[in-house]
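These notes are about the structure you will find just below.
The values are calculated or read from the model by the stated rules, or taken from the named source; none is laboratory data. Just so you know, these numbers come straight off a predicted model, no measurement behind them. Don't worry about glycine lacking a Cβ; one is built from the backbone with ideal geometry, like all the others, and counts go over all protein chains shown.
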Amino acid sequence: MNFPAPSPPTPPPTADASPAAPLRWTRLHASQLAEVHEAEQRLGITLSGRGGGAADEENRCLLIPITLILRQPEQYVEANLLIILAPQEVITLEKDLRLPALDRIEWKLSLPDYARDASARMLDLLDELNNDTHETLDGIYTALEDLAEEAQQATGGFELRGRQAGVADIADTAVALGEAEELIARSIEGQLDLERALRWAKRFYGLQEADRHAAMLHSDIEGCKRQLRFQHEKIRNIQQSLMTTLDLKQNQVIKVFAVITAIFTPPTLVAAFYGQNFAYMPELALPWMEWAVIALTGISALLPLFYIVRKGWLR
């Protein structure tokens, strides 16, 4: 029986125009409902309601979602961007925030001497988005330095106010480290989105692997991603140190009570014995026996303490 040969895989859509053709860029925001609807009608695609996820192909257009973590003056926010690669046109749809990277690209396009082809301008767009991630990385690095100092105070034993750092101090630092870990994880996902967008852009514009601009951008994205992973490992080390310190502090509390019990149990037993109301205790009639009982009580407390100190359990 002869089976038909499998059909070759469908290649990704490519731009009809040459990469050297000028780039027509349309910047849209989700709040511009009329403009978004017009772009949908013109390209025959659906833009409304699209979220993150994998890149999609629709009517010879590539739709690439990107989610980035941006550094704001007082916080870090998540920004969603949808890049639509269409023949002879690129559309960027901002879902919430206006991205500073697109502001810079818009300014560059207004310059009369900014004469670059479509593929180079697309790479410039991705490069500016990656620069925003670098700013986020700088903020994360500064925040981790502060968290490392807090962790050092929590694990060092005593803070400046003179009291020993307790479980509550370690717990607060651990929560802050968990939030920082989540922030870095989301930033790494943003770098993966940029890397994916770069691969699709290279296929769409037919760029070769040896293209210098694309290679440098890919190296920059990879470098930022490695730095984020390094900071992620740094957080893991600090968290491990905090958890180890917390275990040691809990063991210290248990050890203190165990030592107290070991020291005071023998004299308690002696005092309890001689405190009983027996009808006849002949040794109490001996001279100085009452003082001997007191001395026996003290010795029975000092012997366990001497043994514990000799074993080094109080260190």
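Points worth noting:
- Gln252 being more than 27 Å from the chain's Cα centre (by Cα), farther than 21 Å from Leu85 by Cα and in a helix (DSSP H, G or I): yes
- Gln191 being at pLDDT below 85, in contact with an Asp or Glu (Cβ under 9 Å, 6 or more places away or on another chain), surrounded by 12 or more Cβ atoms within 10 Å (Cβ to Cβ) and not β-branched (Val, Ile, Thr): no
- Selected residue [surrounded by 12 or more Cβ atoms within 10 Å (Cβ to Cβ), modelled with pLDDT under 80 and more than 23 Å from Leu81 (Cα to Cα)] from Leu160, Leu177, Leu246: Leu246
- Scanning the range 221-246 for residues that are out of contact with any helix residue (DSSP H, G or I) (no Cβ under 8 Å at 6 or more places or on another chain) and either touching a residue at least 12 places away in the same chain (Cβ under 8 Å) or more than 15 Å from Ser187 (Cα to Cα) (or both) turns up Asn237, Gln240, Thr244.
- The lone exception for Gly312 - which of (1) on the phi > 0 side of the Ramachandran plot; (2) of a type outside the set (A, V, I, L, M, F, W, C); (3) within 24 Å of the chain's Cα centre (by Cα) it fails: (3)
- Within the range 194-243, the set of residues being more than 22 Å from Ala54 (Cβ to Cβ), more than 17 Å from the chain's Cα centre (by Cα) and crowded, with 17+ Cβ neighbours inside 10 Å comprises Asp211, Asp220.
- Qualifying positions in the range 117-151 - free of Cβ contacts under 8 Å to residues at least 24 places away in the same chain and closer than 26 Å to Leu207 by Cα: Asp124
- Among the residues listed as Ala292, Ala285, Ala258, the single one being exposed (fewer than 11 other Cβ atoms within 10 Å of the Cβ), among the small types (Gly, Ala, Ser) and more than 30 Å from Ala180 (Cβ to Cβ): Ala285
- Of the strands (runs of 3 or more DSSP E) that lie entirely inside the range 45-108, not one contains 1 or more residues that are more than 13 Å from Ala197 (Cα to Cα) and not assigned by TED's automatic domain parsing to the domain that holds His29.
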